[in-house]
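The values are calculated or read from the model by the stated rules, or taken from the named source; none is laboratory data. Here the structure is a predicted model, which is why all the values come from computation and not from measurement. Cβ: placed from backbone, ideal geometry, glycine included. Neighbour counts: every protein chain shown.
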Amino acid sequence: MIYSEVLATGGAVPARVVTNDFFGYLVEDADNWIFSRTGIRERRFVDESEATSDLATSAARDALTRGAIEPAELDCIIVGTSTADMILPSTACMVQKNIGAVNAFAFDMNAVCSSFVYAVETADNFIRSGKYKKVLVIGADTYSKILDFQDQTTCPLFGDGAGAVILGATAEKKGILQSIVRSDGKGWELIQVPSSGSRKPVTAETIALRENTFKMAGKSVFVFATDVIPRIIEEVTAGAGVRPEELDYIIPHQANVRIIDFISKKTGIAKEKFLMNLDRYGNTAAASVGLALDENLRNGVIKAGDLVLMMGFGGGLSWGGILIRF
């Protein structure tokens, strides 16, 4: 049987650090107001000349270097993003050119904040088919480009970044052991950019109404997240024949520390098992899980033999989980 193991990871964040005080024009005592509600202290924003493909390329190069893998060895590149450089072509093809992955086919995948998990699921199935040996998956987003900076309920939450993982085929029973991905289109309106495509093209009128910026029904999304996360944990662990308490770590989508506090109490899983970098990067959308994975492998928190559950949830509505033995 073929399994997909993690060969290397990489990450990239912009140089510009944006503290909570930046949002003082929206709310008094912004640092305390934002931190107490979200757990975020700062985030990173790209500058005007940077785009999602730039961060994705940096993360990809980081992973290739750390894994001592040549770009020509890659069979496929999948970029999970909801802030592509442009509506077409795919950001993945830009990354392919930038890194010189001449033998890889490349495409984007948009499941909003679940994009990285969806893309890893897709890469895993490509590898398990026996047809492909090495697949590069990148979660990358630049939400600073689509935020409404007059909306205090959303704009302080997000940051920019990219996380990458290179998966390779192995005959050993390790790497990705179990996964699920799910969607519920009945909730698509909860997270959206209303004027951004063929339904409502961007016009001077929609820009004036700020309909070309990110919108989220925060309370409803909180209810959604706290409902599906326990289900992800239960379904993935049961499918793999392990108990939730056997998990060494959980890497959740980095959305809001209140969600993690709620889940920890609801499931009885110690909060220390949830690996977080939300305080430093904010919600980096599709990048969040990959960034946290790379960071915790790099600093030695995740070790060989550890059982780790990665999970994402976001617009669509969409959610999913990936169980990995390192």
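Per-residue answers, yes or no, for (1) within 14 Å of the chain's Cα centre (by Cα); (2) modelled with pLDDT of 95 or more:
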site	(1), (2)
K266	no, no
N277	yes, yes
A286	yes, yes
G290	yes, yes
A304	no, yes
V308	no, yes
G316	no, yes
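Scanning the range 192-207 for residues that are hydroxyl-bearing (S, T, Y) and either closer than 22 Å to A217 by Cβ or surrounded by 13 or more Cβ atoms within 10 Å (Cβ to Cβ) (or both) returns S195, S196, T206.
Would it be correct to say that R258 is outside the structural domain of L147 (by TED's automatic domain parsing) and touching a residue at least 12 places away in the same chain (Cβ under 8 Å)? It is true that R258 is outside the structural domain of L147 (by TED's automatic domain parsing) and touching a residue at least 12 places away in the same chain (Cβ under 8 Å). Would you say T52 is closer than 21 Å to G314 by Cα, in contact (Cβ under 8 Å) with a residue 24 or more places away in the chain, in contact with a strand residue (DSSP E or B) (Cβ under 7 Å, 6 or more places away or on another chain) and among the polar types (S, T, N, Q)? Criteria met by T52.
Among residues of the range 169-191 that are assigned by TED's automatic domain parsing to the domain that holds E234 and surrounded by 16 or more Cβ atoms within 10 Å (Cβ to Cβ), none has a Cβ under 8 angstrom from a residue that is among the polar types (S, T, N, Q) and modelled with pLDDT under 95 at a sequence gap of 6+ or on a separate chain. A single entry from S114, S49, S129 fulfils the requirement of being modelled with pLDDT of 95 or more, crowded, with 17+ Cβ neighbours inside 10 Å and of a type in the set (G, A, S): S114. Can you name the condition, by its number, that E295 falls short on among (1) in contact with an Asp or Glu (Cβ under 9 Å, 6 or more places away or on another chain); (2) touching a residue at least 40 places away in the same chain (Cβ under 8 Å); (3) closer than 26 Å to D108 by Cα? Here E295 clears every test but (1).
Screening the candidates R325, R231 for the property of being more than 17 Å from G163 (Cβ to Cβ), basic (K, R) and surrounded by 19 or more Cβ atoms within 10 Å (Cβ to Cβ) yields one hit, R325.
Of the residues making up the range 111-136, those that are under 11 Å from the mean Cα position of the chain (by Cα) and either among the β-branched types (V, I, T) or part of a loop (DSSP other than H, G, I, E, B) (or both) are A111, V112, V117, V120. Reported count of residues in the range 71-110, each being more than 16 Å from the chain's Cα centre (by Cα) and under 12 Å from T52 (Cα atoms), is 5.
Residues checked against (1) aliphatic (A, V, I, L, M); (2) free of Cβ contacts under 8 Å to residues at least 12 places away in the same chain; (3) crowded, with 20+ Cβ neighbours inside 10 Å:
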| residue | (1), (2), (3) |
| --- | --- |
| T57 | no, no, yes |
| R61 | no, no, no |
| T65 | no, no, no |
| M86 | yes, yes, no |
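In this structure, A84 does not satisfy being assigned to a loop (DSSP other than H, G, I, E, B), in contact with a Pro (Cβ under 6 Å, 6 or more places away or on another chain) and modelled with pLDDT of 95 or more.
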